[in-house]
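Engineer: Sharing a structure, written as structure tokens. Questions coming.
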Amino acid sequence: MSHSCRLLCGFLMSCIGWTGIIIATSTNDWVVTCKYGMHTCRKMDELETKGLWTECVISTALYHCISLNQILDIPAYIQTSRALMVSSSLLGLPALALVLLAMPCVKLSQETEDTKHRRAVLGGLLILFISLCGMVSTVWFPIGVLHEDGLMSFGFSLYAGWVGSALCFFGSSVMICCSRGDNPSQNPENHYYYSKHSGVTNSGPPINNHAKSAHV
């Protein structure tokens with residue numbers, strides 16, 4: 001696989017993963033809770049969903065949501081998950097912009113391949129940080145709900161966060177490990193010379209009989 005294809009695959013995976021993280025951050029269907037057990041709640045038609053921003057009661061005749069606005073009363077796991085997911089959503093744009101500028105088809109004035117490589121690695125590290133924030137939030141949140149209210153099942157938002165974090169992790173790994181081009185950089189000191197007396201030799205620093213050698 002060529003250098004361009006590797007970067008493009010990493011960019012696309014990271015872009016899709018970042019979209020999944022944004023969906024998980026902006027929606028509230030993270031977990032479904034029930035205080036009486038699964039069968040009892042199904043019969044009573046009373047289920048509760050909890051997310052980063054609201055808690056909702058879902059039934060056939062009622063759909064009521066309460067916003068979690070009281071910051072001091074919100075549990076620590078919700079506040080931490082909020083901070084991590086919002087940070088992931090905001091960092092995604094500059095990270096993907098760095099990777100996009102590191103593409104071989106994008107050429108800025110007077111830049112070298114090493115500059116593109118450093119830009120791709122920096123973007124990959126930011127996306128790796130995004131994936132770690134998403135993983136911590138989507139794992140810690142259901143554990144906190146389980147200890148506090150009792151957990152019945154996972155919601156759509158949590159699955160979106162898991163998939164998005166995994167895609168960002170794989171995409172950043174590709175960009176960090178495979179952002180260097182296929183052709184190794186040529187060292188200007190490694191030149192080969194042809195000598196009439198000793199044939200082809202690898203010349204390092206100049207020597208006294210260098211004038212007798214012809215550069216190939």
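The values are calculated or read from the model by the stated rules, or taken from the named source; none is laboratory data. These numbers come from a predicted model, not from an experiment. Positions of Cβ are backbone-derived with ideal geometry, glycine not excepted, and every protein chain shown enters the neighbour counts. Keep in mind that these areas ignore ligands, DNA and RNA; they rest on the heavy atoms of the full protein, side chains included. Shrake-Rupley method; radii C 1.70, N 1.55, O 1.52, S 1.80 Å.
A quick yes/no check of all residues on (1) of a type in the set (Val, Ile, Thr); (2) modelled with pLDDT of 90 or more; (3) within 21 Å of Ser88 (Cα to Cα); (4) over 18 Å from the mean Cα position of the chain (by Cα):
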residue	(1), (2), (3), (4)
Thr112	yes, no, no, yes
His117	no, no, no, no
Ile127	yes, yes, yes, no
Leu132	no, yes, yes, no
Gly150	no, no, no, yes
Ser157	no, yes, yes, no
Ser165	no, yes, yes, no
Cys168	no, yes, yes, no
Glu189	no, no, no, yes
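Engineer: Tell me whether the stretch 174-181 contains one or more residues that are open to solvent by 50 Å² or more (accessible area, probe 1.4 Å) and modelled with pLDDT under 70.
Structural biologist: Checking the stretch 174-181: at least one residue is open to solvent by 50 Å² or more (accessible area, probe 1.4 Å) and modelled with pLDDT under 70.
Engineer: A follow-up question, please. Take the conditions at pLDDT 90 or above and either in a helix (DSSP H, G or I) or in contact with a Phe, Trp or Tyr (Cβ under 6 Å, 6 or more places away or on another chain) (or both) and apply them to Val145. Does it pass?
Structural biologist: When the stated conditions are applied, Val145 does not pass them.
Engineer: Related question: Which condition from (1) within 17 Å of Cys15 (Cβ to Cβ); (2) more than 15 Å from the chain's Cα centre (by Cα); (3) free of Cβ contacts under 8 Å to residues at least 40 places away in the same chain; (4) surrounded by 12 or more Cβ atoms within 10 Å (Cβ to Cβ) is the one that Gln79 breaks?
Structural biologist: Among (1) within 17 Å of Cys15 (Cβ to Cβ); (2) more than 15 Å from the chain's Cα centre (by Cα); (3) free of Cβ contacts under 8 Å to residues at least 40 places away in the same chain; (4) surrounded by 12 or more Cβ atoms within 10 Å (Cβ to Cβ), Gln79 violates only (1).
Engineer: Okay, moving on. Looking at the stretch 82-118, which of the residues that are among the β-branched types (Val, Ile, Thr) and in a loop (DSSP other than H, G, I, E, B) is least open to solvent (accessible area, probe 1.4 Å)?
Structural biologist: Val106
Engineer: Taking only pairs six or more apart or across chains, which ones have beta-carbon atoms under 9 Å, a first residue in the stretch 62-73 that is in contact (Cβ under 8 Å) with a residue 24 or more places away in the chain, and a second residue that is surrounded by 10 or more Cβ atoms within 10 Å (Cβ to Cβ)?
Structural biologist: Cys65/Asn28; Cys65/Thr49; Cys65/Thr54; Cys65/Glu55; Cys65/Cys56; Cys65/Val57
Engineer: Here's something else I'd like to know. Working only within the stretch 102-138, note down all residues that are closer than 20 Å to Cys9 by Cα and among the aliphatic types (A, V, I, L, M).
Structural biologist: Ala102, Met103, Val106, Ala120, Val121, Leu122, Leu125, Leu126, Ile127, Leu128, Ile130, Leu132
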